[in-house]
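Below is one structure, written out as C-alpha coordinates, with a few remarks after it.
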Amino acid sequence: MLVWMSIELPKVHVSRIDQIEAMLDEHGGVIVEGYLNSTLLDETRKALAAAIADLPWCNTTNAYEDEFFGLKTKRLHGLMDYGPTLEKILNHPLPTTLARKRFDGDIIMSTGELMAIGPGESRQRMHWDGVSWSRSNLPFDFLLSVNIALTDFTQANGATVVVPGSHRWPRDRKAAESEIGYAEMAAGSALLYSGRILHSGGGNRTDDTRMGLYFGYIPAWLRPLENPVQTHKAETLAALGDDARALLGLSEEGFVAYL
Ligand SMILES: O=C(O)CCC(=O)C(=O)O
(Lines give C-alpha, C1' and ligand atoms only; values in the text may rest on other atoms or scores of the structure.)
Protein backbone atom coordinates (compact mmCIF):
# COMPACT_ATOMS: atom_id res chain seq x y z
CA MET A 1 0.00 0.00 0.00
CA LEU A 2 1.37 3.40 -0.93
CA VAL A 3 1.48 6.17 1.63
CA TRP A 4 0.60 9.60 0.31
CA MET A 5 1.47 12.92 1.83
CA SER A 6 -1.67 14.82 2.71
CA ILE A 7 -1.33 17.39 -0.06
CA GLU A 8 -0.70 14.83 -2.77
CA LEU A 9 -3.40 13.17 -4.76
CA PRO A 10 -3.33 9.40 -4.97
CA LYS A 11 -2.35 7.72 -8.24
CA VAL A 12 -4.23 4.65 -9.38
CA HIS A 13 -4.08 2.62 -12.59
CA VAL A 14 -7.11 2.94 -14.86
CA SER A 15 -7.99 -0.75 -14.41
CA ARG A 16 -8.75 -0.25 -10.68
CA ILE A 17 -12.19 1.32 -10.93
CA ASP A 18 -13.12 0.33 -7.36
CA GLN A 19 -10.04 2.06 -5.97
CA ILE A 20 -10.55 5.07 -8.19
CA GLU A 21 -14.04 5.58 -6.84
CA ALA A 22 -12.88 5.20 -3.24
CA MET A 23 -10.05 7.71 -3.79
CA LEU A 24 -12.40 10.15 -5.45
CA ASP A 25 -14.71 10.00 -2.45
CA GLU A 26 -11.88 10.33 0.06
CA HIS A 27 -9.69 12.98 -1.56
CA GLY A 28 -12.06 14.65 -4.04
CA GLY A 29 -9.66 13.81 -6.87
CA VAL A 30 -7.43 11.02 -8.10
CA ILE A 31 -4.76 10.71 -10.77
CA VAL A 32 -5.59 7.85 -13.13
CA GLU A 33 -2.53 6.41 -14.82
CA GLY A 34 -2.87 4.84 -18.27
CA TYR A 35 -6.12 6.70 -18.99
CA LEU A 36 -5.11 6.91 -22.67
CA ASN A 37 -2.79 4.33 -24.17
CA SER A 38 0.10 5.64 -26.23
CA THR A 39 -1.70 5.11 -29.57
CA LEU A 40 -4.75 7.05 -28.45
CA LEU A 41 -2.56 9.76 -26.94
CA ASP A 42 -0.63 10.18 -30.21
CA GLU A 43 -3.80 10.21 -32.30
CA THR A 44 -5.38 12.81 -30.03
CA ARG A 45 -2.40 15.13 -30.17
CA LYS A 46 -2.28 14.83 -33.97
CA ALA A 47 -6.01 15.39 -34.31
CA LEU A 48 -5.85 18.63 -32.31
CA ALA A 49 -2.43 20.01 -33.32
CA ALA A 50 -3.46 22.23 -36.23
CA ALA A 51 -6.47 23.67 -34.42
CA ILE A 52 -4.36 24.56 -31.37
CA ALA A 53 -1.62 26.12 -33.47
CA ASP A 54 -4.18 28.31 -35.27
CA LEU A 55 -5.77 29.68 -32.09
CA PRO A 56 -4.54 32.97 -30.61
CA TRP A 57 -3.75 33.14 -26.89
CA CYS A 58 -6.63 34.30 -24.70
CA ASN A 59 -9.14 33.35 -27.39
CA THR A 60 -12.11 33.08 -25.00
CA THR A 61 -14.74 35.59 -26.02
CA ASN A 62 -15.95 35.97 -22.45
CA ALA A 63 -14.10 39.28 -22.22
CA TYR A 64 -15.13 40.21 -18.67
CA GLU A 65 -13.32 37.16 -17.36
CA ASP A 66 -10.14 37.15 -19.49
CA GLU A 67 -8.05 36.97 -16.37
CA PHE A 68 -9.85 33.85 -15.15
CA PHE A 69 -9.80 32.06 -18.50
CA GLY A 70 -6.14 32.98 -18.97
CA LEU A 71 -4.27 35.67 -20.86
CA LYS A 72 -1.79 33.07 -22.10
CA THR A 73 -4.19 30.17 -22.41
CA LYS A 74 -5.97 28.77 -25.48
CA ARG A 75 -9.35 27.07 -25.16
CA LEU A 76 -11.04 24.93 -27.79
CA HIS A 77 -14.58 23.54 -27.79
CA GLY A 78 -16.58 21.58 -30.35
CA LEU A 79 -14.13 18.75 -29.85
CA MET A 80 -16.03 16.12 -31.83
CA ASP A 81 -15.16 18.13 -34.97
CA TYR A 82 -11.61 16.84 -34.61
CA GLY A 83 -12.34 13.24 -35.48
CA PRO A 84 -13.31 9.82 -34.12
CA THR A 85 -10.49 9.74 -31.56
CA LEU A 86 -12.22 12.52 -29.64
CA GLU A 87 -15.49 10.59 -29.77
CA LYS A 88 -13.71 7.58 -28.30
CA ILE A 89 -12.36 9.70 -25.46
CA LEU A 90 -15.77 11.27 -24.76
CA ASN A 91 -17.14 7.71 -24.45
CA HIS A 92 -14.28 6.56 -22.18
CA PRO A 93 -15.73 3.77 -20.03
CA LEU A 94 -14.18 4.97 -16.76
CA PRO A 95 -15.84 8.37 -16.23
CA THR A 96 -19.05 7.38 -17.99
CA THR A 97 -19.46 4.28 -15.80
CA LEU A 98 -18.55 6.18 -12.65
CA ALA A 99 -20.78 9.14 -13.47
CA ARG A 100 -23.80 6.93 -14.23
CA LYS A 101 -23.30 5.20 -10.91
CA ARG A 102 -22.75 8.40 -8.93
CA PHE A 103 -25.66 10.27 -10.49
CA ASP A 104 -27.89 7.21 -10.51
CA GLY A 105 -29.03 7.38 -14.13
CA ASP A 106 -28.39 8.86 -17.54
CA ILE A 107 -25.60 11.36 -18.00
CA ILE A 108 -24.54 13.99 -20.53
CA MET A 109 -21.39 15.95 -21.22
CA SER A 110 -21.39 19.37 -19.63
CA THR A 111 -18.51 20.61 -21.74
CA GLY A 112 -15.44 19.31 -23.56
CA GLU A 113 -12.52 21.70 -23.71
CA LEU A 114 -8.90 21.66 -24.68
CA MET A 115 -6.98 23.86 -22.22
CA ALA A 116 -3.53 24.83 -23.46
CA ILE A 117 -1.57 26.80 -20.86
CA GLY A 118 1.25 28.72 -22.50
CA PRO A 119 4.61 30.01 -21.26
CA GLY A 120 4.24 32.91 -18.84
CA GLU A 121 0.68 32.11 -17.76
CA SER A 122 0.03 32.80 -14.10
CA ARG A 123 -1.85 30.58 -11.68
CA GLN A 124 -5.59 30.80 -12.14
CA ARG A 125 -7.95 31.87 -9.36
CA MET A 126 -8.94 28.94 -7.16
CA HIS A 127 -12.52 27.71 -7.76
CA TRP A 128 -14.80 24.68 -7.77
CA ASP A 129 -16.47 23.79 -11.07
CA GLY A 130 -19.90 23.09 -9.55
CA VAL A 131 -20.13 26.84 -8.87
CA SER A 132 -21.59 27.15 -12.39
CA TRP A 133 -24.82 25.68 -11.00
CA SER A 134 -24.49 26.98 -7.44
CA ARG A 135 -27.70 29.00 -7.55
CA SER A 136 -29.62 25.74 -7.87
CA ASN A 137 -28.37 24.77 -4.39
CA LEU A 138 -28.26 21.07 -5.23
CA PRO A 139 -27.33 19.23 -2.05
CA PHE A 140 -24.94 16.75 -3.69
CA ASP A 141 -22.03 16.57 -6.12
CA PHE A 142 -23.42 16.57 -9.65
CA LEU A 143 -20.28 16.96 -11.78
CA LEU A 144 -17.51 14.52 -12.54
CA SER A 145 -14.56 16.14 -14.31
CA VAL A 146 -11.63 14.65 -16.16
CA ASN A 147 -8.55 16.58 -17.21
CA ILE A 148 -6.41 14.37 -19.45
CA ALA A 149 -2.72 15.23 -19.73
CA LEU A 150 -1.81 15.45 -23.43
CA THR A 151 1.66 16.59 -22.36
CA ASP A 152 3.40 15.81 -19.09
CA PHE A 153 1.95 17.93 -16.27
CA THR A 154 4.59 19.35 -13.90
CA GLN A 155 4.45 21.93 -11.17
CA ALA A 156 6.60 24.19 -13.38
CA ASN A 157 4.53 23.96 -16.58
CA GLY A 158 1.05 24.46 -15.16
CA ALA A 159 -0.13 21.15 -13.68
CA THR A 160 -3.62 21.61 -12.25
CA VAL A 161 -3.45 22.97 -8.70
CA VAL A 162 -5.68 21.00 -6.33
CA VAL A 163 -6.69 21.07 -2.70
CA PRO A 164 -7.25 17.43 -1.73
CA GLY A 165 -10.17 17.01 0.69
CA SER A 166 -11.66 20.42 -0.10
CA HIS A 167 -14.74 18.78 -1.64
CA ARG A 168 -15.96 18.40 1.95
CA TRP A 169 -15.22 21.98 3.01
CA PRO A 170 -17.75 24.75 3.54
CA ARG A 171 -17.93 26.67 0.26
CA ASP A 172 -16.39 29.84 1.69
CA ARG A 173 -13.26 28.23 3.18
CA LYS A 174 -10.03 29.39 1.51
CA ALA A 175 -7.04 27.09 1.07
CA ALA A 176 -3.75 27.89 2.76
CA GLU A 177 -0.67 27.48 0.56
CA SER A 178 0.35 24.46 2.67
CA GLU A 179 -2.91 22.67 1.74
CA ILE A 180 -2.32 22.97 -2.01
CA GLY A 181 -1.02 20.15 -4.20
CA TYR A 182 -0.20 19.72 -7.89
CA ALA A 183 -1.59 17.10 -10.26
CA GLU A 184 1.80 16.15 -11.63
CA MET A 185 1.37 13.29 -14.07
CA ALA A 186 2.71 11.79 -17.27
CA ALA A 187 1.04 12.42 -20.61
CA GLY A 188 -1.77 9.89 -21.05
CA SER A 189 -2.76 10.05 -17.36
CA ALA A 190 -5.81 11.97 -16.20
CA LEU A 191 -6.98 13.86 -13.15
CA LEU A 192 -10.49 12.75 -12.20
CA TYR A 193 -12.14 15.18 -9.79
CA SER A 194 -15.27 16.15 -8.00
CA GLY A 195 -17.27 19.23 -8.95
CA ARG A 196 -16.76 20.38 -5.36
CA ILE A 197 -12.96 20.26 -5.13
CA LEU A 198 -10.99 23.53 -5.05
CA HIS A 199 -8.56 23.69 -7.94
CA SER A 200 -7.13 25.96 -10.63
CA GLY A 201 -4.96 25.92 -13.71
CA GLY A 202 -1.30 26.21 -12.70
CA GLY A 203 1.19 28.94 -13.66
CA ASN A 204 3.59 28.04 -16.46
CA ARG A 205 7.24 29.00 -15.83
CA THR A 206 8.60 26.94 -18.74
CA ASP A 207 8.96 27.56 -22.49
CA ASP A 208 6.53 24.77 -23.33
CA THR A 209 2.76 24.63 -23.54
CA ARG A 210 0.90 22.38 -21.13
CA MET A 211 -2.08 20.70 -22.78
CA GLY A 212 -5.05 19.31 -20.88
CA LEU A 213 -8.16 17.83 -22.45
CA TYR A 214 -11.18 18.35 -20.21
CA PHE A 215 -14.52 16.52 -20.19
CA GLY A 216 -17.22 17.15 -17.58
CA TYR A 217 -20.09 14.68 -17.03
CA ILE A 218 -23.38 15.61 -15.31
CA PRO A 219 -26.81 14.04 -14.78
CA ALA A 220 -28.85 14.15 -18.01
CA TRP A 221 -31.47 16.38 -16.37
CA LEU A 222 -29.01 19.18 -15.64
CA ARG A 223 -28.33 21.94 -18.16
CA PRO A 224 -24.84 21.59 -19.69
CA LEU A 225 -22.44 24.53 -20.03
CA GLU A 226 -21.73 23.82 -23.70
CA ASN A 227 -24.41 23.68 -26.36
CA PRO A 228 -22.96 21.08 -28.76
CA VAL A 229 -25.33 22.13 -31.54
CA GLN A 230 -23.68 25.54 -31.55
CA THR A 231 -20.09 24.42 -31.06
CA HIS A 232 -20.00 21.61 -33.66
CA LYS A 233 -20.54 21.29 -37.38
CA ALA A 234 -23.91 19.72 -38.24
CA GLU A 235 -22.20 17.01 -40.30
CA THR A 236 -20.03 16.02 -37.31
CA LEU A 237 -23.08 15.57 -35.11
CA ALA A 238 -24.91 13.58 -37.80
CA ALA A 239 -21.99 11.14 -38.09
CA LEU A 240 -21.65 10.40 -34.34
CA GLY A 241 -22.52 7.03 -32.86
CA ASP A 242 -25.46 6.58 -30.49
CA ASP A 243 -23.36 6.74 -27.31
CA ALA A 244 -21.78 10.06 -28.19
CA ARG A 245 -25.10 11.47 -29.40
CA ALA A 246 -26.66 10.58 -26.06
CA LEU A 247 -23.73 12.17 -24.18
CA LEU A 248 -24.17 15.36 -26.18
CA GLY A 249 -27.87 15.42 -25.30
CA LEU A 250 -28.93 14.70 -28.89
CA SER A 251 -30.69 11.43 -28.23
CA GLU A 252 -34.38 11.45 -29.11
CA GLU A 253 -35.14 8.76 -26.58
CA GLY A 254 -37.00 11.17 -24.33
CA PHE A 255 -39.69 11.63 -26.93
CA VAL A 256 -40.07 8.07 -28.18
CA ALA A 257 -40.18 6.64 -24.68
CA TYR A 258 -43.45 8.41 -23.96
CA LEU A 259 -45.22 8.00 -27.30
O1 LIG B 1 -6.30 23.67 -16.95
C2 LIG B 1 -6.42 23.27 -15.78
O3 LIG B 1 -5.59 22.58 -15.24
C4 LIG B 1 -7.65 23.65 -14.99
C5 LIG B 1 -8.32 24.88 -15.51
C6 LIG B 1 -9.62 25.15 -14.85
O7 LIG B 1 -9.91 24.66 -13.79
C8 LIG B 1 -10.59 26.04 -15.50
O9 LIG B 1 -10.24 26.74 -16.45
O10 LIG B 1 -11.75 26.10 -15.02
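The values are calculated or read from the model by the stated rules, or taken from the named source; none is laboratory data. Since we're looking at a predicted model, the values are computed, not measured. We place every Cβ from the backbone using ideal geometry, glycine too, and count neighbours over all the protein chains shown. Protein only, heavy atoms only, side chains kept; ligands, DNA and RNA dropped before computing areas. Shrake-Rupley method; radii C 1.70, N 1.55, O 1.52, S 1.80 Å.
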Self-check item: Within the stretch 231-247: backbone nitrogen closer than 16 Å to the residue 54 label point (7 Å, Cα to C-beta)
Solution: 231-236
Quiz item: Between rounded, prolate and oblate, where does the chain land on the alpha carbon gyration tensor, with a ≥ b ≥ c its root eigenvalues, rounded for a/c under 1.5, else prolate if a/b exceeds b/c?
Solution: rounded
Quiz item: Which FRET efficiency, nearest 0.05, do residue 106 and residue 15 yield, Cβ-Cβ r, R0 35 Å?
Solution: 0.85
Exercise. Could you list the trypsin sites (Lys or Arg not before Pro) in the stretch 92-192 that lie in coil according to DSSP, counting only those with at most 15 other Cβ atoms within 10 Å of their Cβ?
Key: 123, 125, 171, 173, 174
Self-check item: residue 205/residue 26 FRET efficiency (R0 45 Å; Cβ-Cβ; nearest 0.05)
Solution: 0.90
Quiz item: Quick one: with all protein chains in place, what share of the accessible area of the stretch 11-256 is carbon or sulfur, to the nearest percent (1.4 Å probe)?
Solution: 51
Quiz item: What order do you get for 22-33, 233-244 when each peptide is scored by the mean count of other beta carbon atoms within 10 Å, highest first?
Solution: 22-33, 233-244
Self-check item: Peptides ranked, highest mean first, by Cβ atoms within 10 Å: ranges 140-151, 41-52
Solution: 140-151, 41-52
Quiz prompt | Stretchable slack from residue 122 to residue 233, in nm (0.36 nm times residue separation minus alpha-carbon distance) | solution = 36.6 nm
Quiz item: In this model, which of 101/233; 11/72; 74/233; 11/233; 72/101; 46/72 are farther than 26 Å apart at the alpha-carbon?
Solution: 101/233; 11/72; 11/233; 72/101
Exercise. Please identify every one of the GluC sites (Glu not before Pro) in the stretch 151-200 that sits in a loop by DSSP and has no more than 14 other beta carbons within 10 Å of its own beta carbon.
Key: none
